[in-house]
Amino acid sequence: MTLAPSDVVVIGGGAIGTAVAYSLARAGRSVTLVERRGVGQEASGANVGLVTLFSGHSFDEPDPGPIYELTRASADAYLALGDEVGIDIEYERCGGVVLAESEDKLRLIRRAADGYRRHGVPVEMLDAAGVRDCEPAFHHDGIVGGAFCPLNGQLNPLLLCRALAQGARRHGVRMLLGTTVHAIACEGGRVRAVRTSAGDLACELVVNAAGAWAAEIGALAGVKVPVKPARGQIMLTEPAPRFIHRVISGAEPSARQTRRGNVIVGGTVEDVGFDKRVAAPTVTEFARGALERFPRLRGLGVIRTWAGLRPASPDHKPIIQLLDEPAGLCLATGHSRRGICYAAGTGRLVTDLLTGRAPFLALETFGLGRFANTEEGA
Ligand SMILES: Cc1cc2nc3c(=O)[nH]c(=O)nc-3n(C[C@H](O)[C@H](O)[C@H](O)COP(=O)(O)OP(=O)(O)OC[C@H]3O[C@@H](n4cnc5c(N)ncnc54)[C@H](O)[C@@H]3O)c2cc1C
């Protein structure tokens, strides 16, 4: 069967694919999104939902650069998204604490905090007592200090995906859910069509936003995409009156309390291929860790556990690039542990690339070229 053609086919209906589709449609491109399950059914619906502007990633980029810009663009877009599409994504900038369990780590945090402050990003250094005052629910033994960023926050990732998909639909995106991509047809060095379980789709441009499966999709077009799955297990408690007020990062496991009062505790980082099973010993272990850090969890029942597959790139940074070979194939994957932090910004950057606009941030950080002389890039 042959389906009506589109300018762009986006493969994947997670946070990245829906953000890309929404942004491209707003820029006037005709877009079809192909998703083999449903919107947000993989990593994008299975994560903790932290959106942190200052966190572990800041240690690598102490003078805020492209990674910060990508996060900032996303976080700012989330402030407006609810009103744009009429879905509350429960985004709140409740502020977050980045913790240090050693003096070395504290030095890294201080270096990054100084750099961020020089660029006008509010980050305040805390001693151990300051950390305790900032989040009294957190048990502070062994914590030597940290930093507080009022811009760090949290959202409901399933609602984020739903809102992005809703925005995309309203701007005319055709959503083919329950539809699997089987092949990418290339001719004369460029992409021409995508073969799906619902039929063939002629197109000029294809966006690979297939998350942990991006390497499989890349292989369909003869491109090596260095992304592999990294399993993360999570658990959810029954609701309780709010006692965790900040987003905590830098000490595992991380936890946040949803608007309804449930506590999400997560997540492991495991190299087990595409195995999405929840393993009782690991869950028990991180439940124990969570109890030590958040004693108020004691007595709360666990009502659900699940696992998701992060799309892990070798350096944990996204891969966003419009390729020359085959021409017309754009990569938007490898968002690793921070795909929610980067989704809307990725949509904007991919739109810049596919519409010929000047990219809103430096592209080198995100290109495949950075792996050229590494084992993964060979
Ligand atoms: C436990 C855990 C905690 C996390 N916590 C956070 C956090 O707090 N903050 C944060 O920013 N990030 C977090 N992340 C990371 C974040 O979830 C991911 O980076 C992000 O969801 C990746 O989005 P994606 O759209 O690339 O992938 P996915 O959401 O996995 O979407 C890819 C989609 O492609 C589809 N697909 C694959 N192959 C095909 C095919 N052949 N045809 C059609 N469709 C196909 C899949 O069905 C899937 O829906 C966490 C992840 C985990 C697992």
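The values are calculated or read from the model by the stated rules, or taken from the named source; none is laboratory data. Predicted model only: the values in this text are computed from it and were never measured. All Cβ positions, glycine included, derive from the backbone under ideal geometry; neighbour counts span all protein chains shown. Just so you know, the surface numbers come from the protein's heavy atoms only, side chains and all, with ligands and any DNA or RNA stripped out. Shrake-Rupley method; radii C 1.70, N 1.55, O 1.52, S 1.80 Å.
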Would you mind checking the tilt of helix 66-85 against the longest principal axis of the Cα atoms of the chain, expressed as 0 to 90 degrees and rounded to 10?
80
Per the Kirkwood formula over distinct C-alpha pairs, the hydrodynamic radius of region 231-378 in angstrom is 17.7
Cross-link partners of K105 among lysines (Cα-Cα below 30 Å; sequence separation of 8 or more within a chain):
K228, K317
Cβ crowding within 10 Å averaged over residues, with 233-244, 90-101 ranked highest first:
90-101, 233-244
On C-alpha positions alone, give me the angle between the axis of helix 339-355 and the longest principal axis of the chain, in degrees, nearest 10.
30
Output for region 96-150 (equivalent-ellipsoid semi-axes, sqrt of 5λ from the C-alpha gyration tensor, Å, descending) is 19, 13, 6
For region 13-57, the Cα-Cα pair-distance distribution in 10 Å bins from 0, as whole percents, is 25, 39, 29, 8
For R260, what is the net charge nearby, where nearby means another residue's Cβ is under 15 Å from its Cβ and Lys, Arg count +1, Asp, Glu -1?
0
Taking D352, D141 and ranking on accessible area (1.4 Å, protein atoms only), highest first, one gets D141, D352
Cα-based Debye curve of the chain sampled at q = 0.09, 0.10, 0.11, 0.15 Å⁻¹ gives log₁₀ I(q)/I(0) of -0.50, -0.62, -0.75, -1.34
For region 1-122, radius of gyration divided by Kirkwood radius, i.e. Rg to Rh on alpha-carbons:
1.07
Protection proxy ranking of 32-38, 256-262 - average other beta-carbon atoms within 10 Å, highest first:
32-38, 256-262
Cα-Cα pairs in region 228-312 separated by more than 14 Å, as a whole percent of all pairs, come to 61
Just to confirm the filter: which trypsin sites (Lys or Arg not before Pro) across region 291-330 are DSSP coil and have at most 14 other Cβ within 10 angstrom of their Cβ?
R298
Please report the net charge: other residues with Cβ closer than 10 Å to the Cβ of H316, K and R +1, D and E -1.
+2
So the angle from the long Cα axis of helix 157-170 to the longest Cα principal axis of the chain, reported in degrees to the nearest 10, equals 30
Inter-part distance where region 174-228 and region 310-378 are each reduced to a Cα centre, Å:
16
